[in-house]
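Here the structure comes first, spelled out in structure tokens, and everything after it is commentary.
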Amino acid sequence: MVAVTSPDLRHHGDLDAEPGLLDFAVNVRGDRPPGWLRDRLVAAVDRLGRYPSAEDDLAARRAVADRHRRAPDEVLVLAGAAEGFALLPALRPRLAAVVHPGFTEPEVALRTAGVPVQRVLTAEADGHQLRPGAVPAEADLVVLGNPTNPTSVLHPADLVCGLARPGRVLVVDEAFADAVPGEPASLAGVDAPGLLVLRSLTKTWALAGLRAGYAIGAPSLLARLAGGRPPWPVGTLTLEAVRACCQPEAVAEAELAATELVAHRTWLVEALSRLPGVAVQQPAAGPFLLLRVPRGPRVRAALRAAGIAVRRCDTFPGLTEDHLRVAVRPPAQATVLVTALAQALAQALAEPAPEPAVRPDARAGAGYGAGVGQEAGS
């Protein structure tokens, strides 16, 4: 196994959001599940004395299937979407193409298992749009996010679906799809050859500590993906959460939250765009924004000193230390970020320019061996 050199693919926003900081680093809506969901989970605690049953699993899969107009055998309940990425090596791809900047755990899992990975880098110059022609034709596994983390770009459904073809597994990370009103680009309801859609419930419903998600795909593909899982891979509380969050009332609540998010994001984009030196990646579709600021490390340090956590983005292939990701929050909270960022920028720009640093080559595949080290936190 070859240790990771740069960037640190196992760095995630929770490492930036230290206790006591106002959290703009993690993309979870709220700090606790809504009351109705907490009540469902509390009621399920009394069932923890017995193993999760096949009936519990089927009930959760039926709820997901009804929500996306699929069949229950086209659903696999997961301990968060991250588990789905960890299972990808079970598909035994010969060459994986991973679209970056994007969530880094798929590449970690694949490289750790010895799977050759080719990075497909989107470009800031054209708004990080997906260019299907850049995906190698020989790749039999392709992974991308939609909307993409951290760029907040939403790729058209037909463009993404066009990457599917016989003999290839197309993995679409839709962890933030329910934060987009109407989910216009979601492929969860599409039956295409080799399509595997991963969804998360942890962001919208504040379940990061529980781990709840699911995969949707052909039964034969899901069987290959799940072949090496242990018995009872998903607990009773997760099954209950999946079932509850896929009920029509919950889906309607998520839709209202997504609509509210659009207003909050619009406010934040306008406020940030007025700050000198701040470039905001637009258009944005997710519950977060990608920023480019001058002297990024100094700005991050100044924000931390002011009690605010933002997500560093130099750990995403294709981005730099001047890129930051900030979660969209209501204006009352976001005002604190905007004010602190203005002060941090003024402070950073008033200091002498740092000596130029020599960074390892972050081009597609450069500087990487067959595996990725696990020494960093998740």
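The values are calculated or read from the model by the stated rules, or taken from the named source; none is laboratory data. Nothing here was measured: the structure is a model prediction, and the numbers come from that model. For neighbour counting, all protein chains shown are included, and Cβ atoms are generated from backbone atoms with ideal geometry for every residue, glycine included. Only protein heavy atoms, including side chains, enter the accessible area calculation; ligands, DNA and RNA are left aside. Shrake-Rupley method; radii C 1.70, N 1.55, O 1.52, S 1.80 Å.
Would you be able to tell me the number of residues in segment 204-228 that are among the charged types (D, E, K, R) and at pLDDT 95 or above?
Here the count works out to 1.
Just to verify a result, which residue in segment 192-229, among those that are charged (D, E, K, R) and either more than 17 Å from R32 (Cβ to Cβ) or in contact with a strand residue (DSSP E or B) (Cβ under 7 Å, 6 or more places away or on another chain) (or both), is surrounded by the most Cβ atoms within 10 Å (Cβ to Cβ)?
Restricting attention to segment 192-229, the residues satisfying the condition of being charged (D, E, K, R) are 199, 203, 211, 224, 229.
Retained after the next criterion (residues that are either more than 17 Å from R32 (Cβ to Cβ) or in contact with a strand residue (DSSP E or B) (Cβ under 7 Å, 6 or more places away or on another chain) (or both)): 199, 224, 229.
Details: R199: 27, R224: 17, R229: 15.
Per the stated criteria, the residue is R199.
Looking only at segment 266-276, which residues are touching a helix residue (DSSP H, G or I) at 6+ places or on another chain (Cβ under 8 Å) and not in a helix (DSSP H, G or I)?
Passing the criteria: L275, P276.
Pairs under 8 Å by beta carbon, first residue on the phi < 0 side of the Ramachandran plot in segment 269-283, partner small (G, A, S) and open to solvent by 50 Å² or more (accessible area, probe 1.4 Å), six or more apart or different chains?
V280/S273
How many residues does segment 94-108 contain that are open to solvent by 10 Å² or more (accessible area, probe 1.4 Å) and either closer than 17 Å to E174 by Cβ or touching a Lys or Arg at 6+ places or on another chain (Cβ under 9 Å) (or both)?
Residues flagged as open to solvent by 10 Å² or more (accessible area, probe 1.4 Å) and either closer than 17 Å to E174 by Cβ or touching a Lys or Arg at 6+ places or on another chain (Cβ under 9 Å) (or both) within segment 94-108 amount to 3.
Somewhere in segment 123-145, is a residue polar (S, T, N, Q) and either within 18 Å of N27 (Cβ to Cβ) or in contact with a Leu (Cβ under 7 Å, 6 or more places away or on another chain) (or both)?
no
Does P283 qualify as being open to solvent by 20 Å² or more (accessible area, probe 1.4 Å), over 21 Å from A177 (Cα atoms) and either not in a loop (DSSP other than H, G, I, E, B) or not hydroxyl-bearing (S, T, Y) (or both)?
no
To keep it simple, each residue is scored yes or no on (1) crowded, with 20+ Cβ neighbours inside 10 Å; (2) in contact (Cβ under 8 Å) with a residue 12 or more places away in the chain.
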{"residue": "L88", "(1), (2)": "yes, yes"}
{"residue": "T112", "(1), (2)": "no, yes"}
{"residue": "Q118", "(1), (2)": "no, yes"}
{"residue": "A125", "(1), (2)": "no, no"}
{"residue": "L144", "(1), (2)": "yes, yes"}
{"residue": "P147", "(1), (2)": "yes, yes"}
{"residue": "S152", "(1), (2)": "yes, yes"}
{"residue": "V171", "(1), (2)": "yes, yes"}
{"residue": "A188", "(1), (2)": "yes, yes"}
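Out of (1) under 11 Å from E240 (Cα atoms); (2) open to solvent by 50 Å² or more (accessible area, probe 1.4 Å); (3) of a type in the set (K, R), what's the single condition that is false for R61?
If we test R61 against (1) under 11 Å from E240 (Cα atoms); (2) open to solvent by 50 Å² or more (accessible area, probe 1.4 Å); (3) of a type in the set (K, R), just (2) comes out false.
For residues that are among the hydrophobic types (A, V, I, L, M, F, W, C) and open to solvent by 50 Å² or more (accessible area, probe 1.4 Å), scanning just segment 154-169, find the one that is farthest from G84 (Cα to Cα).
Applying the filter and picking the extreme gives L159.
At least 3 residues that are at pLDDT 95 or above, under 20 Å from the mean Cα position of the chain (by Cα) and not charged (D, E, K, R) in each: list the helices (runs of 4 or more DSSP H) lying fully within segment 6-87 that qualify.
In segment 6-87, the matching helices (runs of 4 or more DSSP H) lie at 81-86.
With the structure loaded, tell me whether L289 is open to solvent by less than 50 Å² (accessible area, probe 1.4 Å) and assigned to a strand (DSSP E or B) or whether it fails that test. Walk me through it before giving the result.
Working: open to solvent by less than 50 Å² (accessible area, probe 1.4 Å): yes; assigned to a strand (DSSP E or B): yes.
So L289 fits the description; yes.
What's the number of the condition A366 fails, among (1) modelled with pLDDT of 95 or more; (2) of a type in the set (A, V, I, L, M, F, W, C); (3) surrounded by fewer than 22 Cβ atoms within 10 Å (Cβ to Cβ); (4) under 27 Å from N146 (Cβ atoms)?
Among (1) modelled with pLDDT of 95 or more; (2) of a type in the set (A, V, I, L, M, F, W, C); (3) surrounded by fewer than 22 Cβ atoms within 10 Å (Cβ to Cβ); (4) under 27 Å from N146 (Cβ atoms), A366 violates only (1).
Please go through segment 334-363 and pick out each residue that is crowded, with 16+ Cβ neighbours inside 10 Å, modelled with pLDDT under 95 and not in a loop (DSSP other than H, G, I, E, B).
If the condition is that a residue be crowded, with 16+ Cβ neighbours inside 10 Å, modelled with pLDDT under 95 and not in a loop (DSSP other than H, G, I, E, B), then Q347, A348 are the ones that fit.
Criterion first (among the small types (G, A, S), open to solvent by 10 Å² or more (accessible area, probe 1.4 Å) and without any contact (Cβ under 8 Å) to a residue 40 or more places away in the chain) does A177 satisfy it?
no
In this structure, is A65 more than 27 Å from P136 (Cβ to Cβ) and free of Cβ contacts under 8 Å to residues at least 60 places away in the same chain?
Details: more than 27 Å from P136 (Cβ to Cβ): yes; free of Cβ contacts under 8 Å to residues at least 60 places away in the same chain: yes.
The answer is yes for A65.
Tell me which residues, restricted to segment 127-142, are open to solvent by 20 Å² or more (accessible area, probe 1.4 Å) and of a type in the set (A, V, I, L, M, F, W, C).
Correct list: A134, A137.
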